[in-house]
1. So, residue 80, is that one touching a strand residue (DSSP E or B) at 6+ places or on another chain (Cβ under 9 Å), under 18 Å from residue 115 (Cα atoms) and hydroxyl-bearing (Ser, Thr, Tyr) or not?
2. What residue, among those in segment 291-303 that are surrounded by fewer than 22 Cβ atoms within 10 Å (Cβ to Cβ) and not small (Gly, Ala, Ser), is farthest from residue 118 (Cα to Cα)?
3. Can you tell me which residue is farthest from residue 6 (Cα to Cα) among those in segment 42-53 that are surrounded by fewer than 18 Cβ atoms within 10 Å (Cβ to Cβ) and touching a residue at least 12 places away in the same chain (Cβ under 8 Å)?
4. Going through 200, 248, 214, 193 one at a time, which residue ends up being modelled with pLDDT under 95 and under 22 Å from residue 157 (Cα atoms)?
5. Looking at segment 4-25 only, could you name the residues that are out of contact with any Ser or Thr (no Cβ under 7 Å at 6 or more places or on another chain), in a loop (DSSP other than H, G, I, E, B) and under 17 Å from residue 89 (Cα atoms)?
6. Scan segment 281-316 residue by residue and report those that are closer than 18 Å to residue 88 by Cα, part of a helix (DSSP H, G or I) and more than 19 Å from the chain's Cα centre (by Cα).
7. Could you pull out every one of the helices (runs of 4 or more DSSP H) wholly within segment 51-135 that has 3 or more residues that are over 20 Å from residue 14 (Cβ atoms) and under 20 Å from the mean Cα position of the chain (by Cα)?
Amino acid sequence: MSKIKVAVLGYGHLGKWHCQKVDACEESILYAIVEPFEQNQKLAKENHPNAKIVSRVEDVMDEIDAGVIVTPTSTHFELSKILLENKKHIFCEKPLCSSTEEVEKLVPLLTKDKVFQVGHSERCHKAWDELDGYFKTITGKFSADLNRVAPFKGRATDVDVVQDLMIHDLDLVLYLLGKSPVSVKAYGHKIRTDKWDHATAILNFADGSMAKVTSGRNHIKEIRAFELMSDKGCLYVDLFENSYAIGTNSQFENGEFVEKKNYEKRDHLIIEHQSFYNAINSNEKPMVTFEDGAKIVKLIDSVLASLESNKKVTLD
């Protein structure tokens with residue numbers, strides 16, 4: 001089987017990592033890097049001398065099989081549109097688009113024989129594999145508390161903290177708990193930029209369950225944590241330290257009331273790339289589908305609408 005010819009669109013901070021993963025996968029070849037800025041072009045050529053370095057994806061469109069979009073969010077729609085119109089497989093970093101309106105314009109261009117994967121890498125934590133049975137046995141109401149905050153790093157200031165950080169945990173809520181909220185009420189602060197730099201969203205579910213999701217990029221320390229309370233007890237996952245603890249309604253075999261475990265840290269990007277190429281070769285669904293990405297964009301729109309209006313937003 002011939003290797004999948006890939007063009008990586010964007011050679012910024014994250015684009016460099018994606019190029020390395022394309023090179024690392026046996027199924028793919030880094031055929032081209034699309035980068036408009038001269039300084040980044042020079043760096044791309046130094047690091048990947050066998051790849052074509054071009055300013056526009058149109059320059060290699062007839063030569064590639066797939067495009068990996070790692071550019072600012074504001075460009076995702078236009079780049080996805082041109083790749084879809086030219087019948088290419090797509091791996092687009094999160095978020096899928098800037099708005100639901102843009103997402104809906106892409107839907108008519110989708111075809112069953114071309115893969116469209118969205119980059120929600122937080123699904124790749126090994127903890128979720130180990131805890132799959134735990135989540136599946138939760139039958140009653142739950143309350144979840146997700147925190148993702150960090151000191152200011154000066155990156156991704158072209159978007160608000162909801163699109164930059166909260167998006168990860170909004171996806172985890174839907175992915176792990178298997179339910180969609182019926183309403184959202186959000187609170188936030190604009191601190192360093194003219195966009196939301198800190199936000200908390202309260203998601204309410206039809207059965208009375210709730211999830212509080214907090215994200216900030218002007219904090220004093222880095223926290224990435226997932227806590228879930230249910231009739232099974234308490235689950236706490238530290239996504240920064242790669243560990244989790246379970247407190248149930250009974251004792252464990254060793255007599256303790258809390259069980260603590262560390263889990264293996266994995267290369268999330270390589271897992272995503274392998275999923276993408278496997279989906280292309282097998283004509284199966286990727287790990288995160290276009291529909292998955294669309295749901296999160298719609299939820300982001302609702303969080304932002306609540307932040308701007310200071311009102312609860314009801315979801316369809």
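1. Yes.
2. Across segment 291-303, the extreme among qualifying residues is 301.
3. 43
4. 193
5. Once the filter is applied, which keeps residues that are out of contact with any Ser or Thr (no Cβ under 7 Å at 6 or more places or on another chain), in a loop (DSSP other than H, G, I, E, B) and under 17 Å from residue 89 (Cα atoms), segment 4-25 yields only 25.
6. 281, 282, listed by residue number.
7. Those helices (runs of 4 or more DSSP H) span 100-106, 126-130.
Residues are listed down the side, and each one gets a yes or a no for (1) touching a strand residue (DSSP E or B) at 6+ places or on another chain (Cβ under 7 Å); (2) within 25 Å of residue 279 (Cα to Cα); (3) among the small types (Gly, Ala, Ser):
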site: 6; (1), (2), (3): yes, yes, no
site: 13; (1), (2), (3): no, no, no
site: 16; (1), (2), (3): no, yes, no
site: 19; (1), (2), (3): yes, yes, no
site: 31; (1), (2), (3): yes, yes, no
site: 38; (1), (2), (3): no, no, no
site: 50; (1), (2), (3): no, no, no
site: 60; (1), (2), (3): yes, yes, no
site: 69; (1), (2), (3): yes, yes, no
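The values are calculated or read from the model by the stated rules, or taken from the named source; none is laboratory data. Predicted model, so just to flag it, every value in this text is computed and none were measured. Counting neighbours? That spans all protein chains shown, and the Cβs are built from the backbone with ideal geometry, glycine included.
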